[in-house]
Amino acid sequence: KNLGSAIVAFSGGIDSTLVLKAAYDSLGSNAVAVTADSPSLPRKELEEAKKTAKDIGARHLIIQTEETSEENYLKNPSNRCYYCKTELYSKLKEVSEELGIKNILNGTNFDDLGDYRPGLKAADENNVISPLKDAKLTKNEIRKLAKHLGLEAWDKPSSPCLSSRIPYGQNITMQKLSMIEKAEELLKKLGIRELRVRHFGNIARIE
């Protein structure tokens, strides 16, 4: 509430959904959800993000990010996420200038601090606020809160970007991302809620 207005980096996952719900309840129309669209985002995830933002009632913008045109990203180094998030936050800053909203929020939670997450560095460099992390909320607590608030996504499985299915050091291509998305969508239609299709050249590994 003290922020006055905020942009929420909104993926549609449970973490950013809870942040958007809290921001909208506190700030009303001064809370704006922004979803980054690119070839690394499954179409189904984009549609679910649209529905979730609509259910909450928040204004929702979809922007295009260009990480899949960035050579450092396509080489798929171990800090790939840093390049992706740097691109994301630079685009969100442009949106914040257009809307006159200086605060940018993300869904980083307290558990994330224990993982290897190069994207956290990009958030720090761009002064992005992480309300869940600051409140020391764990993933389990976030799900309980979301369920209490009646958010449909409270038990939604985590879904990292499609590029995360390609082993570090193996180049990312649009064809590989498309293959992964189609394979995972096929399996989800069989009723499997949480899965990964890892791309190993001529072999796919289903987890």
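List of remarks:
- Selection from 103, 88, 191, by position along the positive dipole direction of the stretch 80-207 (Cβ): 191
- Antiparallel content of DSSP bridges confined to the chain, in %, to 5: 25 percent
- Which labelled figure in (i) 147; (ii) 211; (iii) 117 is volume of the Cα convex hull per residue in Å³, once derived from the coordinates: (iii)
- In loop segments of the stretch 1-99 as defined by DSSP, the GluC sites (Glu not before Pro) with at most 16 further C-beta atoms inside 10 Å of their C-beta are 66, 70.
- Charged neighbours of residue 163, selected by a Cβ distance under 15 Å, balance to -1 (K, R count +1; D, E count -1).
- The peptide list 166-177, 122-133, 25-36, put in order of mean Cβ contacts within 10 Å with the highest first, becomes 25-36, 122-133, 166-177.
- Accessible area in square angstrom per residue, the chain, 1.4 angstrom probe: 53 Å²
- Computed from Cα positions, the angle between helix 80-99 and the longest principal axis of the chain comes to roughly 40 degrees.
- Per-residue Karplus couplings for the stretch 175-188, computed as 6.51 cos²θ - 1.76 cosθ + 1.60 with θ equal to phi - 60°, are listed in order as 5, 4, 4, 5, 4, 5, 4, 5, 5, 5, 5, 4, 5, 5 Hz, Gly and Pro entered as x.
- Element breakdown for the chain at a 1.4 angstrom probe: carbon and sulfur atoms account for 51% of the accessible area.
- Computed magnitude of the charge dipole of the stretch 34-108 (debye, nearest 20; Cβ of K, R +1, Cβ of D, E -1): 240 debye
- Counted charge near residue 30, where neighbours are those whose Cβ lies closer than 12 Å (Asp, Glu -1; Lys, Arg +1): +2
- C-alpha center-to-center spacing [the stretch 166-207, the stretch 95-130] in angstrom: 27 Å
- Highest mean packing first, where packing is the average number of other Cβ atoms within 10 Å per residue, the peptides 152-160, 188-196 line up as 152-160, 188-196.
- Cross-link pairs 93/139; 136/182; 75/136; 121/189; 136/188 - those with Cα-Cα distance over 30 Å: 136/182; 75/136; 121/189; 136/188
- Label-point separation in nm, residue 117 to residue 71, each point 7 Å along Cα→Cβ: 3.1 nm
- Relative contact order (percent, whole number), the chain, Cα cutoff 8 Å, 6+ residue spacing: 22 percent
- The string of couplings for the stretch 50-60 from the Karplus curve (6.51, -1.76, 1.60, θ = phi - 60°) is 4, 5, 5, 4, 5, 4, 6, x, 7, 5, 10 Hz, one whole number per residue in order, with x for Gly and Pro.
- Rg over Rh [alpha-carbon atoms, Kirkwood Rh] for the stretch 1-80: 1.05
- The orientation-averaged projection of the convex hull spanning the C-alpha atoms of the stretch 166-207 amounts to 2.9 square nanometres.
The values are calculated or read from the model by the stated rules, or taken from the named source; none is laboratory data. Model, not experiment: these values are computed from the prediction. Methodologically, a virtual Cβ is constructed for each residue, glycine included, from the backbone with ideal geometry; neighbour enumeration extends over all protein chains shown. Note: accessible area is taken over every heavy atom of the protein model, side chains too, but ligands, DNA and RNA are not part of it. Shrake-Rupley method; radii C 1.70, N 1.55, O 1.52, S 1.80 Å.
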